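Right, one structure below, let's go through it.
Coordinate-derived values only; no laboratory data. Keep in mind that what you see is a predicted model, and the values were worked out from it rather than measured. All Cβ positions, even for glycine, are placed from backbone atoms using ideal geometry, and neighbour counts span all protein chains on display.
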Amino acid sequence: MKKGIAVAGNMLVDTIYQIDNYPQMGELATIYNGITKATGGAVCNVAVDLAKLDAELPLTTLGVIGNDLNGKFIEQSLSEYKNIDLTQIAHEGTTSFTEVMCENVSKQRTFFHFRGANTSFSEKHIDLNKLNVDIFHIGYILLLDELDKYDNEYGTKMARLLASLQSRGIKTSADVVSDSFDRFKAIVPNSLKHLDYFIINETEAERTTGITLRNGNGIINENLNSALLAINDMGVSEWIVIHAPELGCGMDCTTGEIIKIDSLKLPADYIKGTNGAGDAFCSGILYGAYKGMKLREAIELGIGCAACSLAEPGATEGMKPYEEVIRMYQNMR
């Protein structure tokens with residue numbers, strides 16, 4: 001019997017500003033009307049996206065927030081979804097937050113992030129005996145200070161946690177943030193040998209492997225295969241999935257099959273913001289894995305979920321139920 005998905009890690013509040021352009025140092029940018037406040041981070045984004053995809057899917061959230069207004073905002077927002085269990089969220093310190101600057105023409109985002117309570121999230125906040133789920137997804141490696149710390153046996157505390165979960169028969173999944181190459185090299189590979197699913201963007205794949213995936217002409221398609229094979233060699237056991245604006249691609253590590261699917265061709269005025277699109281894609285992949293889909297189906301769903309997210313400025317506002325996402329994907333491809 002299926003038991004659901006746990007989503008752990010970063011929880012925060014995003015305040016999203018629409019600006020006319022991103023200024024040079026010392027210059028001025030105009031903020032337009034339409035400032036929005038929304039929950040953010042892997043836990044809030046992925047859990048809400050999954051809850052919207054399937055209102056019957058049991059979801060467990062694990063993270064740390066403060067006893068402050070932002071913490072209450074997160075709890076109130078997530079409590080709107082009856083299938084999200086909030087009982088394993090801890091309360092310490094000041095809730096993490098991000099000021100998101102979204103440039104109106106390119107829709108590119110710049111983040112000013114206060115790490116806050118997320119820095120304290122660690123294995124002590126995860127009671128493995130209470131964790132009755134099929135899949136445990138955590139985000140983001142490189143942005144969870146305690147779990148990124150060194151472990152003398154596993155390399156990092158994150159890797160130790162993932163190994164413990166796998167030993168209990170729980171499938172593991174992770175996402176990362178786009179940090180420096182040196183930090184990727186030192187921290188990320190330790191966890192990969194304890195992951196069933198690894199879901200990242202092309203920048204993160206490049207920094208994980210050292211293989212260049214983008215140049216002035218766009219994505220370097222022929223290098224994607226090399227990156228997937230390199231990550232496979234690092235130990236991921238089931239699916240490696242890379243998303244980029246141009247496509248979604250992945251490798252089924254159990255068969256060696258590599259799949260590439262073009263992104264949807266969206267109308268010029270369709271995109272309202274890119275905040276949360278990667279987490280939306282991730283939610284589609286996780287749902288596909290949970291439901292026993294083939295990797296191709298899961299990537300198609302991920303692309304559809306990302307397209308839904310792009311239709312609204314907030315991270316989760318645009319997500320729809322599974323049947324509507326698939327219908328939209330089929331109509332727009």
Kirkwood hydrodynamic radius for the range 264-333: how many Å is it when counted over pairs of different Cα atoms? 11.7
The range 12-51, relative contact order [Cα under 8 Å, separation at least 6], %: 45
Could you identify which residue out of Ala205, Ala306, Ala55 has the top mean-square fluctuation in a GNM of the chain using Cα springs shorter than 10 Å? Ala55
Over the range 208-333, what is the mean sequence separation of C-alpha contacts under 8 Å (at least six apart), divided by residue count, expressed as relative contact order in percent? 19
When the Cα centres of the range 308-333 and the range 1-46 are compared, how far apart do they sit, in Å? 18
Give me the net charge of Tyr140's neighbourhood, meaning all other residues with Cβ under 14 Å from the Cβ of Tyr140; Lys, Arg count +1, Asp, Glu -1. -4
For q values of 0.21 Å⁻¹, compute log₁₀ I(q)/I(0) with the Debye formula on a Cα-only model of the range 83-210, without solvent. -1.37
Cα pair count fraction exceeding 14 Å, expressed as % - the range 234-284: 61
For the residues His113, His91, His243, what sequence is obtained by ranking on other C-beta atoms within 10 Å, fewest first? His91, His113, His243
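Could you tell me what % of all Cα pairs in the range 186-333 have separations over 22 Å?
Tail fraction, whole percent: 37.
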Stokes-Einstein D in µm²/s, Kirkwood radius over Cα pairs - the range 70-138 at 10 °C with 1.306 mPa s viscosity: 107
Quick one: order Thr30, Thr209 by neighbouring beta-carbon count within 10 Å, fewest to most. Thr30, Thr209
Of Asp49, Asp279, Asp233, which is the most mobile in a GNM of the chain whose springs link Cα atoms less than 10 angstrom apart? Asp233
For Lys72, go through the lysines and keep the ones whose alpha-carbon is under 18 Å away, minus same-chain ones fewer than eight residues off. Lys37, Lys82
For the chain, what is the relative contact order in percent, using Cα pairs closer than 8 Å and at least 6 residues apart in sequence? 15
Distance in nm between pseudo-label sites at Lys37 and Ser226 (7 Å out along the Cβ direction from Cα): 4.8
Sites matching chymotrypsin sites (Phe, Trp or Tyr not before Pro) across the range 93-198 that sit in DSSP coil, with at most 10 neighbouring C-beta atoms within 10 Å: none
Given the rule -39500 (n - 2.57) for each run of at least 4 DSSP H residues, summed and divided by the residues of the chain, what is its mean residue ellipticity at 222 nm, to the nearest 500 deg cm²/dmol? -10000 deg cm²/dmol
Going from the fewest other Cβ atoms within 10 Å to the most, one would list Val325, Val241 as Val325, Val241
Can you list the equivalent-ellipsoid semi-axes of the range 117-274, largest first and in whole Å, using the square root of 5 times each Cα gyration tensor eigenvalue? 28, 17, 16
At q = 0.23 Å⁻¹, what log₁₀ I(q)/I(0) does the range 37-93 have when each alpha carbon counts as one equal point scatterer in the Debye sum? -0.88
Taking every pair of alpha-carbon atoms in the range 1-114, give the share separated by more than 18 Å as a whole percent. 54
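Where Rh denotes the Kirkwood radius from the mean inverse Cα pair distance, what is Rg over Rh for the chain? Show your work: numbers first, answer last.
On the way: Rg = 18.6 Å, Rh = 19.9 Å.
Result for the chain is an Rg/Rh of 0.94.
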When the chain is treated as a Gaussian network with springs between alpha carbons less than 10 Å apart, the largest mean-square fluctuation among Ile231, Ile219, Ile74 is found at Ile219
